[in-house]
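The values are calculated or read from the model by the stated rules, or taken from the named source; none is laboratory data. Bear in mind the structure is a predicted one, so any value in this text is a computation, not a measurement. Here the Cβ positions follow ideal geometry from the backbone for every residue, glycine too, while neighbour counts run over all protein chains shown. Accessible surface is based on the protein model in full, side chains and every heavy atom, while ligands, DNA and RNA are left aside. Shrake-Rupley method; radii C 1.70, N 1.55, O 1.52, S 1.80 Å.
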Amino acid sequence: MGRLFGTDGVRGEANADLTAELALGLSVAAAHVLGEAGSFEGHRAVAVVGRDPRASGEFLEAAVVAGLASAGVDVLRVGVLPTPAVAYLTGALGADLGVMLSASHNAMPDNGIKFFARGGHKLADELEDRIETVYEQHRTGEPWERPTGAGVGRIKSYDEGFDQYVAHLIGVLPNRLDGLKIVLDEAHGAAARVSPEAFARAGAEIVTIGAEPNGLNINEGCGSTHLDLLKAAVVEHGADLGIAHDGDADRCLAVDHEGTEIDGDQILAVLALALRERGQLRENTVVATVMSNLGFKLAMEREGVGFVQTGVGDRYVLESMKEHGYALGGEQSGHVIVLDHATTGDGTLTGLLLAARVAQTGRSLKELAGVMERLPQILINVPDVDKSRVSTSAELAAAVTDAERELGATGRVLLRSSGTEPLVRVMVEAADIDQARSVAGRLADVVKSALG
């Protein structure tokens with residue numbers, strides 16, 4: 001059996017790849033691995049369980065809850081809430097584990113299971129491996145001690161989680177949003193209630209789109225992966241800015257008053273300077289991935305802010321932040337982590353902080369985001385090549401060296417192997433888009449020749 005856990009939990013097509021049986025079995029295994037601490041301390045382990053509004057989340061939630069309770073874990077069902085809300089409540093309620101059912105920005109037929117450890121933290125690889133090992137043992141017939149009678153877990157709804165999370169978000173804000181008009185695109189997802197409530201309580205005048213989830217329309221032509229509706233709505237309503245989330249609201253992208261996209265790199269740049277001004281940017285450093293635009297790095301250097309790069313994936317950003325004590329990190333895709341207030345990317349929190357900076361400075365989002373210039377970025381996928389030789393090919397290494405020499409200080413080259421397909425991604429950034437396109441095309445040819 002291949003590894004079940006990917007970069008962000010277990011995902012697949014609901015009721016095909018991700019079945020009720022798999023959800024139940026993984027939950028029992030997670031209860032045994034993550035609930036051990038609760039048992040050792042002499043109290044019953046407790047789990048917080050939430051989901052996004054996908055139709056499949058209803059039966060998968062039932063399976064997860066059944067698995068946890070059958071393993072002796074008490075369950076608090078918080079209903080439809082964002083992923084970061086489940087992470088927050090897991091920590092705030094002192095639960096031993098949290099479970100979120102969502103496939104994030106994926107299309108509706110998919111779903112996923114994400115586990116959080118005590119404190120609301122994402123799992124290390126070793127914990128995921130232990131859960132998989134226990135799951136496989138149970139799947140192949142190894143018996144486990146099943147509680148009976150008063151030993152089985154109890155299940156109750158925890159409706160207070162909504163207000164508790166919104167209050168947390170409002171409490172984080174450095175200033176109110178009075179005077180701002182903001183369009184919110186909720187992707188017909190998990191933040192459809194939370195985000196409008198939080199922005200309204202913070203004082204903003206809000207217009208909502210994509211806030212009518214019916215279980216089937218999540219991410220459908222809206223949200224952070226489809227910004228056209230938001231761009232049009234911001235211009236139509238004369239709003240100061242727009243905020244877009246994905247299905248589970250751990251991402252945030254924005255649109256300025258002219259309808260221009262503001263990506264995760266630009267949001268990071270704005271928040272980095274805001275945190276530094278308040279003395280909260282620890283080590284005067286921000287963390288981003290190798291996919292961040294070179295313009296972000298150049299802007300941080302110009303502003304005197306340290307910049308640390310990690311591999312692609314918000315989990316690697318978070319690992320670096322926790323290891324070195326940094327306060328802010330994120331990805332171009334809009335995963336932004338403010339570690340003093342969240343254990344994972346939080347799209348609603350990010351949007352609130354971005355709007356708070358606009359309100360506090362009296363400057364437009366367009367002006368604030370102008371702290372960095374996004375350099376043209378060309379990405380070419382080269383299929384059907386031996387991606388394992390990317391780092392060992394002398395011919396390819398020489399071609400990259402020549403390309404970087406040609407691009408100079410305002411350009412860069414990045415080669416990445418796909419995690420699942422036999423292809424190599426060639427990314428080139430340069431101040432001149434024609435130069436970036438030319439260099440990327442030549443490198444793609446070399447990749448095909450050297451690795452084909």
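When the square roots of the Cα gyration tensor eigenvalues are ordered a ≥ b ≥ c, the ratio a/c for segment 154-291 is under 1.5, which makes its shape rounded. In this structure, the residue pairs whose Cα-Cα separation is over 25 Å, taken from Lys297/Lys322; Lys297/Lys387; Lys297/Lys366; Lys231/Lys366, are Lys297/Lys387. Segment 238-255 and segment 369-402 have Cα centres spaced 30 Å apart. Carbon-plus-sulfur accessible fraction, the chain (probe radius 1.4 Å, protein heavy atoms only): 49%. The chymotrypsin sites (Phe, Trp or Tyr not before Pro) of segment 50-153 that DSSP puts in a loop, and whose beta carbon has at most 13 other beta carbons within 10 Å, are Trp144.
The charge dipole of the chain, taken about its Cα centre with unit charges on the Cβ of Lys, Arg, Asp and Glu (plus for the first two, minus for the last two), comes to roughly 540 debye. Across the chain, the longest piece that holds none of the GluC sites (Glu not before Pro) lying in DSSP loops with up to 10 other C-beta atoms within 10 Å covers 146-452. Based on the Kirkwood approach, the hydrodynamic radius assigned to the chain is 23.0 Å, with every pair of different Cα atoms included. Per residue, the solvent-accessible area of the chain (1.4 Å probe, heavy atoms of protein chains only, all protein chains present) comes to 40 Å². Give a quick list of trypsin sites (Lys or Arg not before Pro) in segment 218-322 that DSSP marks as loop, anything other than H, G, I, E or B, with at most 11 other Cβ atoms within 10 Å. Counting only loop positions with at most 11 other Cβ atoms within 10 Å, the trypsin sites (Lys or Arg not before Pro) in segment 218-322 are Arg278. Checking the a/c ratio against 1.5 first, then a/b against b/c, what shape does the Cα gyration tensor give for segment 219-374? Prolate, because a/c is 1.5 or more and a/b exceeds b/c.
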